[in-house]
Structures are given as structure tokens and as C-alpha cells.
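The values are calculated or read from the model by the stated rules, or taken from the named source; none is laboratory data. Computed from a prediction, not measured in an experiment: that's the story for all the values here. Cβ atoms come from the backbone with ideal geometry, glycine included; neighbour counts cover every protein chain shown. Note: areas computed on protein heavy atoms with side chains; ligands, DNA, RNA excluded. Shrake-Rupley method; radii C 1.70, N 1.55, O 1.52, S 1.80 Å.
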Amino acid sequence: MKRWRNAWRFLPLLSVIALTLTGCGNEQLTTLLPKGEGSEMQFNLMMLSLYIMIGVFVVVALIYTIVLVRFRRRGESDNEIPEQTEGNVVLEILWTVVPIILLLILAVPTVMATFALDEGTEKVPEGATVVKVTAHQYWWEFEYPDLGVKTAQDLYIPSGERVYFELASKDVLHSFWVPTLGGKMDTNTATVNKMWLNAQEPGTYYGKCAELCGPAHALMDFKVIAQEKEDFEAWAESMKEASSQASTDQAAQGEEIFANSCIGCHAVGADGGNTGPNLTNFGDREKVAGILDHTDENIKAWIAKPSEFKPGNNMPAFEDQLNDEELNALVAYLNGLKVEE
Ligand code: HEC
Ligand SMILES: [Cu+2]
């Protein structure tokens, strides 16, 4: 008895741990604060099963407690054995039928949601935005085939409508996941997987790779930037017209270095390779390589030695080839690559 009384002393500690852990979330990266049509459907299914589980738990715990109290042995002299029952038709029907009903309540909406989440992916409705997503170790490429636009890291979509995705991978298995909006779905090398997302409000949502894909898997982050339809269309328009014209001498020097050392892997506008992320709107990005704060220092550090930040990634280090002045020139050029004001 004494030992149990002492156990209560841990209650404050447990509450502190619980409170601290509730702070370990990010509202742009959670399934529990859904901001998308798909994630809301999934959240409702989760809550439905939670309520059913709580209901079952309460009933079972209640019966358990009643039996425990009512049929307990009352002192030394209590040697009476309660009435023994064997087989009870009513009870057996009850505990067979009730779970069947509960499973039906769970199964019907689950199956319906499963089909609803796949709706339209085979035959995309007229006028909908389609995005081809290609996962690479360890970055994301986004192409809008109908708009003739390509970008990376930041996925721009119109809000308030379903956007259709064709998901594939360039190298190994990855998985595309934007917890706040819905998903997730694997990206494969041989097949194209399809899904849609619908961000109900404009905003920035975080995405992650959800399939272990190599040493920098945990750093394979991206962002979804959902905008009002006209803002999105304006963005796509300016992406098409984006010019890589350097505006200062320093940036012009950077452009030249870029044309010599980088363009084979990185495209700006329509020109360049796609071994690395398209940098047409690099200056608009909040992060460098999806993970580092967008500061001049971080850009330089990244170009000098990318593997320092993302182990095993496919960009070579330039620390031995470029001096500080050249790195500064590159930064000036890269930061000038903007399409948004
Ligand atoms: C062999 C191909 C290759 C070359 C050459 C190359 N890169 Fe990269 N670069 C990559 C890859 C791959 C990534 C993506 C790394 C990752 O996130 O896993 C990348 C990422 C980047 C990023 C981050 C992009 C973003 O969207 O945040 C910058 C900036 C960058 N490279 C600049 C340069 C510059 C400047 C040069 C030339 C000095 C250069 N790269 C040369 C392959 C290359
Ligand atoms: Cu991955």
C-alpha cells in the first residue's frame, strides 16, 4: 500500500514531461491540425477509431471494476464460491454482434475515404493543376507540364482546389509526405504513383521524405507554398519569364563561374542540367538545400562542402576550387535569382 502511495509523487514529473513533449511539434508538420481536404478525412477516421477505442475501453474497464469489487473475497471467513455459469447464449451473441457492428462503423467510412482519396487521379479533371514530382537523393524536383515550369525544393500550388501529383523517383525509393495536407505516397523508379492534395487555405506547409533513402534521408525536406489561384498563376508566369541576367558586376562574375562550374547540374530558367535542383527562383527560397537558413554564410558553406550538411549527397565540394571572392560572387548571383517581389 505504501509503495503505491509513493508512486503518486511521480505525477508532477510525468505532467512536466507530458507538457514539454506537447511543445515538440510544429504546426506546419502535423497530422493533428489538418489544413487539407485529404488530411481532414484522414484525421476524422483517426478520431472515429479513437472514439470507438475509448468506448470499448470504458465499457470493459467498468465491467472489470464492478466484478472486482462485487465478487472480491471479504475477509478470512468469506469462503463462499459465487454461482458458476457455463455458456450464456445472450452474452455470446452480444460479444459477437457488438464487435461486428463496431467494425462496420469503422470499415465503411475507411473504405469510402480510401476511394475518395484516389478520385480523379486516373483521369484528371479539366483545368486542374498537375505536378510531376521527382524525388532525388536528397531533394525534390517539381515540374508543371501544362505550364512549362520546373522548380525544386519549394512546391507552389493554388489553394482551395485539388492539385494532382504524379510521383516518381530518379534513384531509390522515397516517399512524398505533407502531413498537414494529406498523403503520403511512395515514389518508385519504375512506376508512377498518383494522388491529389487540396490545401484549404493559403500558407506554407512542410513536407518530408518518409522512406529511408540514405544517410541524409532525415534532411530531405521540402515546402509547400499554397497561394490564391491568381497569385499562383502570376508566380508561374514570372517563372516562365525569369531571366538570369546579373544586375551587378559581382553577380556578373558569379554568373560566369556558374556557367563554368555549376550549370551542368543546375538549371536556371530553361538552361542547364537536372542532376541538381533547378535554381530559377533560388533567391526566393527560405532555406538552402531545404534545411539551412538562407544566409550568405550558409550558401558559401554549402557550396564549399555540401557533404558537411547532407552526408552522401550528390553535389561535389568546391572548397579547393573556389576562393572566398568567387564564393561571394556566386552568392550575389544566386541571391539575385528571384521571381517574387
Ligand atoms: C555534379 C552536379 C553538381 C554540380 C557540378 C553542382 N551542384 Fe549544386 N547541387 C547538386 C545536387 C545534387 C544538389 C542537391 C543536394 C541535396 O540537397 O541533396 C545541389 C544543391 C545545390 C544548392 C542548394 C539548392 C537549393 O535549392 O537550396 C545550391 C545553392 C547549389 N547546389 C549551388 C551550386 C553551385 C554554386 C555550384 C557550382 C559552383 C554547384 N552547385 C555545382 C549537384 C551539383
Ligand atoms: Cu528520400
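Accessible surface comparison of 35, 310, probe 1.4 Å, protein chains only, largest first: the order is 35, 310.
When only the Cβ of Lys, Arg, Asp and Glu is charged (+1, +1, -1, -1), the dipole of the chain relative to its Cα centre reaches about 2180 debye. In plain terms, the chain from residue 170 to residue 307 could stretch by 47.3 nm, reckoned as 0.36 nm per residue minus the Cα-Cα distance. Among the chymotrypsin sites (Phe, Trp or Tyr not before Pro) within the stretch 96-195, not one is in coil by DSSP while having at most 10 neighbouring Cβ atoms inside 10 Å.
When DSSP beta bridges are restricted to pairs lying wholly in the chain, around 75% turn out antiparallel. Given +1 at the Cβ of Lys and Arg, -1 at the Cβ of Asp and Glu and no other charges, the dipole of the stretch 249-335 around its Cα centre is 440 debye to the nearest 20.
For the chain, modelled as a GNM whose springs connect Cα atoms under 10 angstrom apart, the maximal fluctuation among 47, 185, 195 occurs at 47. The Cβ shell under 13 Å around residue 269 holds other residues with a net charge of 0, Lys and Arg each +1, Asp and Glu each -1. Amide hydrogen proximity for residue 222: with H placed 1.01 Å from N in the peptide plane, the residues at 5 or more positions away or on another chain lying under 5 Å are 207, 208. Counting only protein heavy atoms and using a 1.4 Å probe, the accessible area of residue 136 comes to about 10 Å². Of the trypsin sites (Lys or Arg not before Pro) found in the stretch 111-176, those that fall in a DSSP loop while having at most 12 other beta-carbon atoms within 10 Å are 123. Between residue 66 and residue 9, the FRET efficiency estimated from the beta carbon spacing at R0 = 45 angstrom works out to 0.90.
Couplings 3J(HN,Hα) for the stretch 155-165, derived from phi with the Karplus relation 6.51 cos²θ - 1.76 cosθ + 1.60 (θ = phi - 60°), are 9, 8, 9, x, 8, x, 8, 6, 10, 9, 10 Hz, where x marks Gly and Pro.
Only Cα pairs under 8 Å and 6+ residues apart enter the sum, and on that basis the relative contact order of the chain stands at 16 percent. Loop-located chymotrypsin sites (Phe, Trp or Tyr not before Pro) in the stretch 48-94 (DSSP state other than H, G, I, E, B) with a sparse environment of at most 15 neighbouring Cβ atoms within 10 Å: 71. Decide, for the chain, between rounded, prolate and oblate: order the square roots of the alpha carbon gyration tensor eigenvalues as a ≥ b ≥ c, take rounded if a/c falls under 1.5, and otherwise choose prolate if a/b is larger than b/c, else oblate. In terms of gyration-tensor shape, prolate.
Within the chain, the selection of entire DSSP H helices by a Cα span of 30 Å or greater along the long axis and an average Kyte-Doolittle value of at least -1.0 returns 37-70, 89-116. Computed extension length for residue 231-residue 83: 45.7 nm, one decimal, from 0.36 nm per residue of separation with the Cα-Cα distance subtracted. Just how far, in whole angstrom, is the stretch 297-327 from the stretch 133-173 if you go by their alpha carbon centroids? Cα centres, the stretch 133-173 to the stretch 297-327: 25 Å. Just check the stretch 249-335 against the gyration tensor rule for me: Cα atoms, a ≥ b ≥ c as the square roots of the eigenvalues, rounded for a/c under 1.5, and otherwise prolate or oblate depending on whether a/b exceeds b/c. Judged from the Cα gyration tensor, the stretch 249-335 comes out rounded (a/c under 1.5). What shape does the stretch 94-222 take by its C-alpha gyration tensor, where a ≥ b ≥ c are the square roots of the eigenvalues and a/c under 1.5 counts as rounded, a/b above b/c as prolate, and the rest as oblate? Prolate is the answer for the stretch 94-222, as a/c is 1.5 or above and a/b outweighs b/c. Mean sequence separation of contacting Cα pairs (under 8 Å, at least six apart), scaled by the length of the stretch 249-335, corresponds to a relative contact order of 38 percent.
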